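Enquirer: There's a structure below that I have some questions on.
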Amino acid sequence: MADDSSRLADVGARYAQALFDLADEQGALAAVEADLKSLKAMQAESLDLRRLISSPAFGSEAKAKALNAVSKAAGLSPLTVKFIGVVAANARAAALPAMISAFEKLAAERRGAVAAEVVTAIALTPQQQKGVAAALRQALGKDPEITTRVDPAILGGIRVKVGSRLYDASLKSRLDSLKFALKRA
């Protein structure tokens, strides 16, 4: 699994760079970024779309047709629709989430911002989100673009991923460390 996710991330980064360069040439960076955020939100909301993208049970032709229909119905720009079609036709639809993440990172770097994923056991209040943003701004020296996610499995605390760095102050990781220390004793 780790090998598969690494391979998808590599493929995602290459496709994202190609799309980023093309969108930059055509002056459509903002439109493509907005399209990809919409696609990411649709994927988060729809189990069927996630299955379509990740399942090997659907062939590339079926994925291309379905993703083309979804893209056009969502009103995505022609460049984004064409890109998604190429991705599906090349049997790379499973790497689409990695492509979106890599594109978001490239766009944030262009703006001089840094993307950060914040995971908590319960949803953060707006005031807590502002506090996290201020702490990250101070620690990183750049404006963070924060995406939040709720994962009850971390039990409590917070987990922040910035680039390849993971800051883990979750209760689960602390309990795991304690469990490991007790096993060694």
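The values are calculated or read from the model by the stated rules, or taken from the named source; none is laboratory data. Note that the structure is a prediction, hence the values are computed from the model and not measured. Please note that ligands, DNA and RNA were not included when accessible areas were found on the heavy atoms of the full protein model with its side chains. Shrake-Rupley method; radii C 1.70, N 1.55, O 1.52, S 1.80 Å.
Enquirer: Solvent-accessible area per residue for the chain at a 1.4 Å probe radius, Å²?
Expert: 61
Enquirer: Heavy atoms only, probe 1.4 angstrom, no DNA, RNA or ligands counted: give me F20, F58 ranked by accessible area, highest first.
Expert: From most exposed to least exposed: F58, F20.
Enquirer: Okay, moving on. Ordered by residue, what ³J(HN,Hα) values in Hz, to whole numbers, does region 77-87 give under the Karplus form 6.51 cos²θ - 1.76 cosθ + 1.60, where θ = phi - 60° and Gly and Pro are x?
Expert: Here the 3J(HN,Hα) series is 5, x, 4, 5, 4, 5, 4, 4, x, 5, 4 Hz.
Enquirer: If you don't mind, another one. Quick one: Karplus J couplings for region 117-128, per residue in order, coefficients 6.51, -1.76, 1.60, θ = phi - 60°, nearest Hz, x for Gly and Pro?
Expert: Running phi through 6.51 cos²θ - 1.76 cosθ + 1.60 with θ = phi - 60° gives 9, 10, 10, 9, 6, 10, 5, 7, 6, x, 5, 5 Hz.
Enquirer: Here is a further query. Counting only residues 5 or more places away or on other chains, whose amide H sits under 5 Å from the amide H of V114 once H atoms are built in the peptide plane?
Expert: D143, E145
Enquirer: Roll a 1.4 angstrom probe over the protein heavy atoms and tell me the percent of accessible area of region 1-132 that is carbon or sulfur.
Expert: Carbon and sulfur: 57 percent of the exposed surface of region 1-132.
Enquirer: Something else now. If amide H atoms are built 1.01 Å from N in the plane of the peptide, which residues on other chains or at least 5 residues away come under 5 Å of the amide H of I158?
Expert: A169, S170, L171
Enquirer: May I pose another question? In the full protein assembly as shown, how much of R51 is accessible to a 1.4 Å probe, in Å² to the nearest 10?
Expert: 130
Enquirer: Sticking with this one: Can you tell me the mean projection area, over all orientations, of the convex hull of region 25-157's alpha carbons? Units nm², please.
Expert: Dividing the Cα hull surface by four gives the mean projection, 9.5 nm².
Enquirer: Apply the Karplus curve 6.51 cos²θ - 1.76 cosθ + 1.60, θ = phi - 60°, to the phi angles in region 12-26 and return the couplings in whole Hz, x for Gly and Pro.
Expert: Rounded to whole hertz, the list is x, 5, 5, 5, 4, 5, 4, 5, 4, 4, 5, 5, 5, 4, 8.
Enquirer: Return the long-range amide H neighbours of S46 (sequence gap of 5 or more, or a different chain), with a cut-off of under 5 Å between placed amide H atoms.
Expert: none
Enquirer: Right, here's the next one. Where does region 25-72 land on Rg/Rh, using Cα atoms and the Kirkwood Rh?
Expert: 1.05
Enquirer: Let me ask you something else. Please report, as a whole percent, how much of the solvent-accessible surface of region 140-185 comes from carbon and sulfur atoms (probe radius 1.4 Å).
Expert: It is 57 percent, rounded to a whole number.
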